[in-house]
Amino acid sequence: MHRTYKPIDVAHLANGLELALPLHELVGADGGPTVGISAAVHGDEGIGVEVIRRLAADPELEQLRGRLLLLPVANPLAFQANTRNTPLDMTNMNRVFPGDADGWLTEQIADVITREFLNAVDVHIDLHAGGLYPIVDYVYQMNAPDLSRAFGRPFLYEPPHPYEGTTTQVSGEHARTVVVELGGGLVAQEPYVELSLRGLKNVLRAAGALSGAPETPPAQTLLHRIETVRPHEGGLLLPVVDQVGGNVRTGELLGRVVSPFTFAVLEELRAPYDGVMILTHPTLHRIEPGDYGYMVGELATSEALR
């Protein structure tokens, strides 16, 4: 198996430093698909960087079939600043693909990723997480249900329509795509790293990029509706439901927003329906109006997968 590291130049910044994207290429001895794995499209979702680092060092990759393209840091400036959006233009890169070579810097980065990475793959896996404070646990089911299921998480989500401007909206036009949402928050990430690494290798087996039969996925639930509960008041978030994967009932208290000045309860965040917790907060922290509060998957419209 042959390995190459070839950074892709994007632009020079005003401070004179060169902005480049890190691309690793691994080519197996036998033929197979070209699989692309990306992470840190949102810079505050750093767990995917570690997952890709460990995958690149995994001995099983010596039996790689085809080609593996690894883009561990898709948005270096956002990763450096530990923010969701690119600091220089405050743009969410996962809403501007395929990008624009003559646009904002974020659009220029997206254009390079599209041309040099997304257009080259047969299978695309994009790794996401909850960010700085929330934790999250689900996998999108898009145009490759078998690959999404192979990742092995208990909950899948099939959105009613594609999200405009995402990496997988571009790659999904010609490649089989999987979007993973796993980990994040102010908790130890090691368990999520291990789950992600195991899931990735199983997807690679299912895609024919690694030898061996993929593990049979566990009983899984396919969600068709996820509601995001966002606060209207800012302050200190005191979580009540702090674990993903558990069931909640309509109106159940998920957390409170309190004033750090007066100590008054400014808002109570409650479950919109009977559902399962997909995104929550494991610890107290400050929160702004409109931030991700909680995400609840609706059970009434879900499907059991066997």
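Quick look at the numbers
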quantity	calculated
Qualifying positions in segment 41-69 - closer than 21 Å to residue 171 by Cα and either out of contact with any helix residue (DSSP H, G or I) (no Cβ under 8 Å at 6 or more places or on another chain) or not assigned by TED's automatic domain parsing to the domain that holds residue 95 (or both)	45, 52, 65, 66, 67
Test result for residue 187, among the β-branched types (Val, Ile, Thr), more than 18 Å from residue 70 (Cβ to Cβ) and part of a loop (DSSP other than H, G, I, E, B)	yes
Residue list for segment 46-68, restricted to those being surrounded by fewer than 20 Cβ atoms within 10 Å (Cβ to Cβ), aliphatic (A, V, I, L, M) and within 27 Å of residue 85 (Cα to Cα)	49, 56
Residue within segment 20-38 that is among the acidic types (Asp, Glu) and more than 22 Å from residue 209 (Cβ to Cβ) present	no
Of all residues in segment 154-183 being touching a residue at least 40 places away in the same chain (Cβ under 8 Å), surrounded by fewer than 18 Cβ atoms within 10 Å (Cβ to Cβ) and charged (D, E, K, R), the one that is farthest from residue 303 (Cα to Cα)	164
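Table: residues versus (1) under 17 Å from residue 167 (Cα atoms); (2) in the same structural domain as residue 83 (by TED's automatic domain parsing); (3) surrounded by fewer than 15 Cβ atoms within 10 Å (Cβ to Cβ); (4) aromatic (Phe, Trp, Tyr).
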{"residue": "6", "(1), (2), (3), (4)": "no, yes, yes, no"}
{"residue": "13", "(1), (2), (3), (4)": "no, yes, yes, no"}
{"residue": "16", "(1), (2), (3), (4)": "no, yes, yes, no"}
{"residue": "19", "(1), (2), (3), (4)": "no, yes, no, no"}
{"residue": "26", "(1), (2), (3), (4)": "no, yes, no, no"}
{"residue": "29", "(1), (2), (3), (4)": "no, yes, yes, no"}
{"residue": "35", "(1), (2), (3), (4)": "yes, yes, no, no"}
{"residue": "39", "(1), (2), (3), (4)": "yes, yes, no, no"}
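The values are calculated or read from the model by the stated rules, or taken from the named source; none is laboratory data. Just so we're clear, the structure is a prediction, and the values are computed from it rather than from any experiment. All Cβ positions, glycine included, derive from the backbone under ideal geometry; neighbour counts span all protein chains shown.
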